[in-house]
Amino acid sequence: MTTHKFPLSQKYIDFIRTTKGVSADFLEGTTASGKTTVGAGVKFMGMVSASPKKLHIIASKTTGTAEKNIIQQDNGILDLHRNARYFGNGDKDNKLPHIKFEEKIIYVLGYDNKDKWQNVLGSQFGCVYIDEINTADIDFVREISTRNDYLMATLNPDDPSLPVYQEFVNRSRPYPRYAADVPDEIMRELTEEPVTGWRYWFFSFRDNLSLTEADIRRKMEAAPKGTKLYKNKILGLRGRATGLIFDLRQSNIITTEQAKKFRYIYYSIGCDTSYSKRSHDCLTFEAVGITADKKCVLLMEETHNNRDKTNPFAPSDVIPLLNRFAENVKDRFGFARTIYIDSADAGTIQEAQKFKSKTACIYDFVGAWKKTKIITRIQLQQSWMKTGDFLIVDTCRSFICECNTYSYDEKGQPEDGHDHSINGCQYAWLPYKQYIGNYHAIKEVISDV
């Protein structure tokens, strides 16, 4: 018998009830969102009950972790299912730790010990639950994924380059009703070849109706902003890095109407290129305006991606798009005569010169000025954000998402990723940096500005 001791949000109710045609559920999101309690304690046990198979699995980092976080905690499996019995040391019939539930056997495994889990995987199972799948031995995940009728896995966001994302999580798709709840940067990664019946769910603090506003506030304040902990656990964003690079504040984000009230003295466009079909790297166009009172405003942006395109775009296709973008900027804000293209991309720059000679367009296409080191560009932009001299129009969602994701790696260096819109924007403002904010004060303390 299941006894609910906590309220369920409508999303969790729909999650529990969505079983027809579902062969896997992947639950990602913030800490304390209720993923384990509802996922393992309610839906997973319901799937076990409905399964015709006798053998099932719960896997966590260790059996002790499974006992503490899934089985024996308040509102854990034993608390919710009074007819479930746990044999932590096995019994005369099953030497491995297991739960007996409705004539079913649920083995409890630690995926940290390959010798132990290999002993179990000679069988086929009905339902499998993997706790924190992002930390699991990938060989275990690969092996167990072919030996079940139904798989449920939970995870807090982690390094997006982990193979578990590409091979499993990113092949699932969100329930349409709740797709808007998935952060944009995660939604952009859910593009691996989909598997029919694999469902993705993103849960946050707000989905856990047991939490009060005071509870949520305490949890958010407990994790230092700018750390990997805050990024993964509180924002629910993926990232392999140790800390966010930019401290983006709400005061840095403005509306188009607010942006139009400034008096601009320069307009500029930057373009960072990517033609890969195998990654989420984007081609980005970023338009900035430099105001008379020394503010840099990101006015407009446009992004394109070749991933999964039947007819991928090439450099010759990009330049007409870039010209059209520049025309839109001119019509909405002002004329950006020079367009700065990633200087490492000679092919795109060459196509731009061909386009200009054929069409006599009014724009100049030049290679971006990249002698200013990346870390120095970061110092400048971060300083301007803090002084209110770097503003972003709220329609520039890709740039905003990158600012909330771009991080330092474990070696303390800016990561090579989540930076295409950021790079394009930098290409646009670098030629005008001396006209922005406190540049001359920064120059006194940074050697290579």
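The values are calculated or read from the model by the stated rules, or taken from the named source; none is laboratory data. Owing to the predicted nature of the structure, the values given are computational and were not obtained by experimental measurement. Heads up, the Cβs are rebuilt from the backbone with ideal geometry, glycines too, and the neighbour counts pull from every protein chain shown. Accessible surface is based on the protein model in full, side chains and every heavy atom, while ligands, DNA and RNA are left aside. Shrake-Rupley method; radii C 1.70, N 1.55, O 1.52, S 1.80 Å.
Some points to look at:
- Zone of GLU221's modelled label, taken as backbone nitrogen in the stretch 179-209 under 14 Å from a point 7 Å along Cα→Cβ: none
- Calculated FRET efficiency for the pair ASN83/LYS294, C-beta based, R₀ 60 Å, to 0.05: 0.30
- Centre-to-centre, using Cα atoms only, the stretch 362-398 and the stretch 60-113 are separated by 53 Å.
- A straight chain from THR372 to ASP139 at 0.36 nm per residue would run longer than the Cα-Cα distance by 79.5 nm.
- GNM top mover of THR36, THR372, THR310 - the chain, alpha-carbon springs below 10 Å: THR310
- Cβ-Cβ FRET estimate between LYS100 and LEU321, R0 fixed at 56 Å, reported to 0.05: 0.35
- Placing THR348, THR191 in order of accessible area, with the largest value first and a 1.4 Å probe, yields THR191, THR348.
- Applying 1/(1 + (r/R0)^6) with r as the Cβ-Cβ distance of SER161 and ILE253 and R0 = 35 angstrom yields a FRET efficiency of 0.75.
- Between LEU209 and ALA180, the contour length at 0.36 nm per residue exceeds the alpha carbon distance by 8.5 nm.
- For the chain, adding -39500 (n - 2.57) for each run of n ≥ 4 DSSP H residues and dividing by the number of residues yields -7500 deg cm²/dmol at 222 nm.
- Multiplying the residue separation of ARG332 and ALA346 by 0.36 nm and removing their Cα-Cα distance gives an extension gain of 2.1 nm.
- Normalised by residue count, the chain yields a Cα convex hull volume of 161 Å³ per residue.
- Paramagnetic label zone (point 7 Å from Cα along Cα-to-C-beta, ASN311; backbone N under 14 Å) in the stretch 318-332: 318
- Put a dot 7 Å past the Cα of ASP93, heading toward its Cβ, do the same for ILE16, and the two dots end up 2.9 nm apart.
- Sequence-distant residues sharing a close amide H with ILE58 (under 5 Å, placed H): TYR107, VAL108, LEU109, TYR129
- Between THR395 and GLN353, the simple label model (points 7 Å from Cα in the Cβ direction) yields a spacing of 3.4 nm.
- Rolling a 1.4 Å probe across all protein chains gives LEU162 an accessible area of roughly 50 Å².
- Whole-Hz couplings from phi, Karplus 6.51/-1.76/1.60, listed for the stretch 42-47; x for Gly and Pro: 10, 5, 4, 5, x, 5
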